[in-house]
Every structure is written in C-alpha cells, then in structure tokens.
C-alpha cells in the first residue's frame, strides 16, 4: 500500500501511509486506538476508498473499489466482531452468497466441500453444526476457513485473540502457521504485545494516522515499540509504590454462588491492591459479583472493618462503600447514547438531585472533578460517550464509581481493550488511590499487569481459589501452574 | 482520534436548554412551521386556520393524544411500548360515565374512578412486564384486547350518555379563553417534563432503556422503573379517556380506537428512537402538534376522512425521513 491517505470530516485518518506485506509473512499492525489501523485495513478491504494512494498486489496495481473487488484480489478480513449467521450451519456460512448449484442450492455438495476444507486444516468441527452452537474460538476458525475458501492470499485478523482462552490461542497460532506455509500473507492487528514475539515476523507501528516505522520483531524491544506508539518515551509503564500492610478492611469467607464459585476466601487491607489471576472462566468476575450483591443465592460471610455484613443488592454494597467496575464496559457499563456528564454522575444522583430540582452546577462540578482525576480527554462533558476512545470511556467508568467515594474498589479487567498510553495512566491512578488508603481488587487476565501492580495475587481455577502469592515471590510460571486445569 | 487527544477539558459553559431544543428539533420544527404557513396561505383555509378559535379547538382535539403521548414517550425511551392506551380510553370513559349515570356518583368522584381505571390497567401491565420476561409489546397487546372487551361487556355495546353540564365542562368547557383540556395539557406536560428531566426516575428511564444490563450493575431497580412507567402511561390514558368521554357526552366502548398509533406516531416523529435509550419530550410535543395541525387542516379543507389517514401516514414518513437525513449528515 503506497501513500494511502484518507480523510473524514474533521479528521485525517490516514496520512500518506506506506505498508508492505510479504507472502508467507505474519506482519503485525500495532497502534493505539484511533491510530488508523482499522481505517487502513478497511481501505485494503474495499470498505473505504482512499482519497489518494494506490494498492499493489504482486507488483501490479489493484483496483479495489468495493468489498467484492477486494475479495477478488485475494483479500479477506476477519473482523473483531465475527460476521457469521448463528442460525445457519458451518457449511452454509462458508458458502454464503456463493452457494453451489444451478437452480436450487446443492446442499450435499456444499457440505462435502466445507467438510473437506475443515479436515484439511485439522479442525474437528462438523460442517453441519449450527454456528451459534460453536464456541467463539471455533467460530473464528470458521471465519478463517471461509477466508481460505476464497483463495485469499492476504488475510487480515483484527484482534483475533481478544475472546480466546490460552489453549485456544495456541490453536489459532497453529492455524496461522499452516496458512503461512501456504504462502498466505497475514496482517495481524493486536493490542497484546506479548503475542507479537510468538507469532509475528515484522511489526509496523501507527500513530495519529501515520505509519511511524516498521521493525523486525526479533530485532526490536517492547520499550521501543511502546515509545513509537505513544510518541514519547514511556519510562514508567507501571507505577507502584508498595507500602507497609495496614489493617484489614474487607474479609471474605467461603464465598459461593451456588453455581461455579466455591468457598473463595481472602483478605483485603487498606491501601492494598490484590490481583485475581486465572484463565477465562475461572470464576473471578462471578466471585466479585457475589460480593457486590449481584448474585441471588450467593452464600458466605463478608466482614467490613471487622463487622459482619449482608449484601443482597448493589445498592446495599454501595452503601457499605464497595464499588464495582465491570469487565465489559460496552455491555455492562456505558450508556452509549448519553453524555460523559450523565455517565459520570449516574451513581451519585442524590448528591445534586432532590424532589423535582437538579443542581446543574453541582453536577457539572462533580463530573469535572472526576474527569480531572482520571485525566479523561473529552472536548466537553456533553460529548456523547460513544464518541470517546476506549481508554477514555474506561476512565469515565472508573471515575463514575470513584464518585461514590468507595472504601473498596473492585476493577474487573480495568485495562482491557485500551491503548498503552491510557493503560499506563490508569496504573498511575490505581497506585495513587491505593496510597491514599483505598483498597483495590483487580481482576485481570494480563499477567504482567497483575504481577506489577498487586501486593498479593490470588489465583483461581474452575471457581475455586488455588493459591496466593506475595508480589515479591510471584512469577508468571507459578501463577500459570495454579491457573491451569 | 487526533482531535480529541490534545483538547482541553471544558464544559463549564452549559448550552442554554432553549438553544439545545432548537438545535435538536430543527427538522420537525421547520416541518411544523411550514405546515402552519401552508394552511395560513392556502386560500381554502387562510381565513379559518389562524383564528384563536380554531387554534384552541385544534389544541383541544390534540390534547388527548398528547396526554397519552407523554406516557408513550417514557415507555418507548424505556425500550418498551404500551398498546393498551386506546382501550384504556374506552374503558375509563365508559366506567366513569357509568358511575355518573348508573350509580349517581358526583362528577369529581367519577373522574377519579376513570383515572383509577387507567392506573389499574397500567399497574397490571407494569407487574407483568417488570416481573416476567414477556415483552411489553405482547403484554400490552393482550391488555388492549382485554380492556376493550371489558368496555363492551360493561356497556353491553352501546354508549353511556351523560347529559350533565359539569361532565361536559371537562372536555368542552373554558377557563377564560383556554379550553379546559388545554389547561390540563399544560399541567401534564410540565409534570412529565419534570419527571423526565428533574428526577432520578427520569435518569433511570434513560439508563434502563439505553443499557438495562448496565443499569443492573449500577444498582438501579430495573423492575421498579419499568413498573412505574407503565403505571404512568395507564394514568395518562385514563385521563384522556375522561376528557374524550366528556367531549363526546358519553362513554363509548369504541372510543380511542387507534389512539395508541397516533401516540406512537407523535413520539416517533418527535425523534425518539423505538430502540430506546434516547428521546425528548420536546420532540413529542412537536410531533403531536404536527399531527394535530394536519388533522385540523384536512378537516378545514373538508377532505374525505379516509384520505386523512393516507395523508397522515405520508407526512409521518416524510417527517421521520427528513430527520434521518439530518442525523446522517452529522455522523
């Protein structure tokens, strides 16, 4: 891709970007949210037409003016949000839009061909299964097979591992290596730098619509890539000033939810950050939901400052000073169509609303206070929150709960889907809050994050607590050993 | 995006609500004004449209639609719907009229009974919707039939005529130059506006409608919000039923047929999305006025009432399309 530029009203999304992919290469595209990665890919895929620049495939200029022409040129995009039809079978999905048969659909042929493809790539999926019944990882495989069936020579994967467990990720990488052996070029978009070393050959970093540079993965360092992404040297990615242990503020004994969480017990001290590590499905979020009063039928004892309390609803939990920032801000937290101000103050309405009156000034002050504390970047409080970047949305979410002035703050995957710069800022804020005495529980699937930020790390697996480590003695291997089934 | 990365955080200057009202509703406001201008200029109606008598008459006629449209706005923002309002109009009107004629209740009590009827149907809707996962569409579709059925059963199919002057005052009377229903309308609009904009319940309606899952996590009592909104919608319909029965001098089991559609039309033309989570009362008011002016204009021009349906539907489509174009440009 040579000199690609693309502007939208008010924003120059791509600025003379040059990008090159070799056959049989896995080339990573790295960059913060808003850097231009998705836009570049959409240009390649025929979803956007560039204002300037050309695309060359195998040396010849390619005419890509819509999705079909992109496909005809051998380009396939596997989006982050999978585009399969859950009510149809695997075979039907693979051949959607180009079903074999003259007058009527030749279902038998479709199934046989689809099964052949699946078997070639070692996928133990029956072509007759309804896609809706497959796991996310399997659905992703179907998308990849679909791409291959189009004779694609260029496959783009957008955040392919965001919903996969570790074993599923290795399976995906195995499939990628198979594709590579067939000389298919892969563009790999990901936030997770740990994956780059494992599967990618080269990496191109984008920032503010420009291609900042291309490196061979083996010849560069994470620090170099981070500073390219952020545009400055990020000296202290993690900020954590450990302090002497203070008194116990929260004690949980034998928390069970009657379904998968069994007998989870732990202690939380003032000014401490405890991390909950584990694989996806280990039951960490479920445990936190029990504590926050979101699970009916949960049992166990909870002691706050030494007093036994019963929490039967989120409102009660809030009254005791517990706050919970859920893991999926899009479906569990954000009111997308509302303003930043609305999203910031929704938990503390009583502080500025009485009967039929709203103290608008006080509301604006509250919203501004937490915008400032979190360092949220927004043109104004009235901005619709879905227009903000993921990192800023997450800051608003955390700010919303900070406004309730909690004693205990539970953060479920606080830096998921956020760019590097924002992540670092959130770590700094967590550190500051802890220093000021707040007790924080952090659930995270990112081991480096857990190891660098927690005082103590609890590891869960299959709904039970398998062990705990002090941060000084914790290593990724030790944690993974306990987390694995 | 490069733009938002380095901007300074502001927000101290809140936009004046009047300015915001005009900005948000520009499309339909223009449509309403254009409609009025056409009727003022058109020789067939120029002498009859812009008179205070006609305008107040038009407002009197539209007021009943606007009462239920207020309730409907809340229900739709919540992500639900209330199809039973038309039937509540019939049932409340008939029972209230029956109270006066058959049991000799004082008018004031009969009015309260009528509103109570609306409240009770709304309560029933609310309980079922809040406590079960049955969609509001289905629940209110059922009560729509049940309520009207009761109206027929109660009246035996024929109207219950009320001839007393006090009864006719509510729908046909004046206080000064203002028709009574218009005064009631002002009160209803102010009340609805206060609830939606100045109470916690109002905020919660937008929260539950926009992201019910997040509302649960926020500690909002989702069931209670759904319940209260249905009750409010029922009360509004009960009120509309009384006013209508007063204007028609009788409680009629056929009253209010299709009223829910006019209410939904007002809400939708006003810019509220059927998906829930967004929308404003101001838009509904303009939407309701567009429909009211349209009906009025067509009547003044003596257009065949069947054609009125066609014109109304076409205008609704046009208003929504214009608004759609406007929003597409800003995306």
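In the condition set (1) more than 27 Å from residue A:199 (Cα to Cα); (2) crowded, with 16+ Cβ neighbours inside 10 Å; (3) more than 12 Å from chain B (Cβ to nearest Cβ), residue A:13 is compliant with all but (3). Can residue B:246 be described as in contact (Cβ under 8 Å) with a residue 12 or more places away in the chain and either under 18 Å from the mean Cα position of the chain (by Cα) or farther than 26 Å from residue B:125 by Cβ (or both)? Spelling it out, it is not the case that residue B:246 is in contact (Cβ under 8 Å) with a residue 12 or more places away in the chain and either under 18 Å from the mean Cα position of the chain (by Cα) or farther than 26 Å from residue B:125 by Cβ (or both). Of all residues in region A:77-95, those being under 29 Å from the mean Cα position of the chain (by Cα) and part of a loop (DSSP other than H, G, I, E, B) number 10.
Among the candidates A:22, A:42, single out the residue that is in contact with a strand residue (DSSP E or B) (Cβ under 9 Å, 6 or more places away or on another chain) and surrounded by fewer than 17 Cβ atoms within 10 Å (Cβ to Cβ). First the steps, then the outcome.
Working: A:42 fails: surrounded by fewer than 17 Cβ atoms within 10 Å (Cβ to Cβ).
Just a single option satisfies the conditions, and that option is A:22.
Which residues, counting only those in region A:129-153, are part of a loop (DSSP other than H, G, I, E, B) and either touching a helix residue (DSSP H, G or I) at 6+ places or on another chain (Cβ under 9 Å) or within 15 Å of residue A:113 (Cα to Cα) (or both)? Step through it out loud before you land on a result.
Within region A:129-153, the subset part of a loop (DSSP other than H, G, I, E, B) is A:129, A:134-135, A:150-153.
Result: A:129, A:134, A:135, A:150, A:151, A:152.
Taken as a whole, the structure places residue A:331 among residues that are surrounded by fewer than 14 Cβ atoms within 10 Å (Cβ to Cβ), within 19 Å of residue B:214 (Cβ to Cβ), modelled with pLDDT under 95 and facing chain B (nearest Cβ under 7 Å).
Yes or no: residue A:376 within 29 Å of residue A:437 (Cα to Cα), within 11 Å of chain B (Cβ to nearest Cβ) and without any contact (Cβ under 8 Å) to a residue 60 or more places away in the chain?
It is true that residue A:376 is within 29 Å of residue A:437 (Cα to Cα), within 11 Å of chain B (Cβ to nearest Cβ) and without any contact (Cβ under 8 Å) to a residue 60 or more places away in the chain.
For region B:181-221, filtering for residues that are free of Cβ contacts under 8 Å to residues at least 60 places away in the same chain and away from chain A (no Cβ under 11 Å) leaves 3.
Could we say that residue A:326 is farther than 26 Å from residue B:197 by Cβ, touching a strand residue (DSSP E or B) at 6+ places or on another chain (Cβ under 9 Å) and at the interface with chain B (Cβ under 7 Å from one of its Cβ atoms) here?
Numbers: farther than 26 Å from residue B:197 by Cβ: yes; touching a strand residue (DSSP E or B) at 6+ places or on another chain (Cβ under 9 Å): yes; at the interface with chain B (Cβ under 7 Å from one of its Cβ atoms): yes.
For residue A:326, the condition - farther than 26 Å from residue B:197 by Cβ, touching a strand residue (DSSP E or B) at 6+ places or on another chain (Cβ under 9 Å) and at the interface with chain B (Cβ under 7 Å from one of its Cβ atoms) - is met.
Within region A:212-248, the residues that satisfy the criterion of being under 18 Å from residue A:470 (Cα atoms) and touching a residue at least 12 places away in the same chain (Cβ under 8 Å) are A:238, A:239, A:240, A:241, A:242, A:243, A:245, A:246, A:247, A:248.
All conditions in (1) free of Cβ contacts under 8 Å to residues at least 60 places away in the same chain; (2) crowded, with 24+ Cβ neighbours inside 10 Å; (3) more than 12 Å from chain B (Cβ to nearest Cβ) hold for residue A:425, with the sole exception of (2).
Just checking, does region B:127-136 include any residue being farther than 30 Å from residue B:276 by Cα, free of Cβ contacts under 8 Å to residues at least 40 places away in the same chain and surrounded by fewer than 19 Cβ atoms within 10 Å (Cβ to Cβ)? Checked region B:127-136: no residue is farther than 30 Å from residue B:276 by Cα, free of Cβ contacts under 8 Å to residues at least 40 places away in the same chain and surrounded by fewer than 19 Cβ atoms within 10 Å (Cβ to Cβ).
Here is a list: A:388, A:337, A:411. Which entry is modelled with pLDDT under 95, surrounded by 18 or more Cβ atoms within 10 Å (Cβ to Cβ) and in contact with a strand residue (DSSP E or B) (Cβ under 8 Å, 6 or more places away or on another chain)?
On inspection, the qualifying residue turns out to be A:337.
In summary, residue A:392 fulfils each of the numbered conditions (1) under 24 Å from residue A:439 (Cα atoms); (2) facing chain B (nearest Cβ under 7 Å); (3) within 27 Å of the chain's Cα centre (by Cα) with the single exception of condition (2). Taken together, A:397, A:353 contain a single residue that is at the interface with chain B (Cβ under 10 Å from one of its Cβ atoms), under 24 Å from residue A:286 (Cβ atoms) and in contact with a helix residue (DSSP H, G or I) (Cβ under 8 Å, 6 or more places away or on another chain), which is A:397.
Identify all residues within region B:7-41 that are outside any helix (DSSP H, G or I) and either at pLDDT 85 or above or within 14 Å of chain A (Cβ to nearest Cβ) (or both); write none if there are none. Please lay out each step first, then the result.
Initial filter on region B:7-41 (outside any helix (DSSP H, G or I)): B:7-16, B:25.
Residues satisfying the conditions are B:7, B:8, B:9, B:10, B:11, B:12, B:13, B:14, B:15, B:16.
The values are calculated or read from the model by the stated rules, or taken from the named source; none is laboratory data. Note that this is a predicted model, so its numbers are computed, not measured. With ideal geometry, Cβ positions are generated from the backbone for all residues, glycine too; neighbour counts draw on all protein chains shown.
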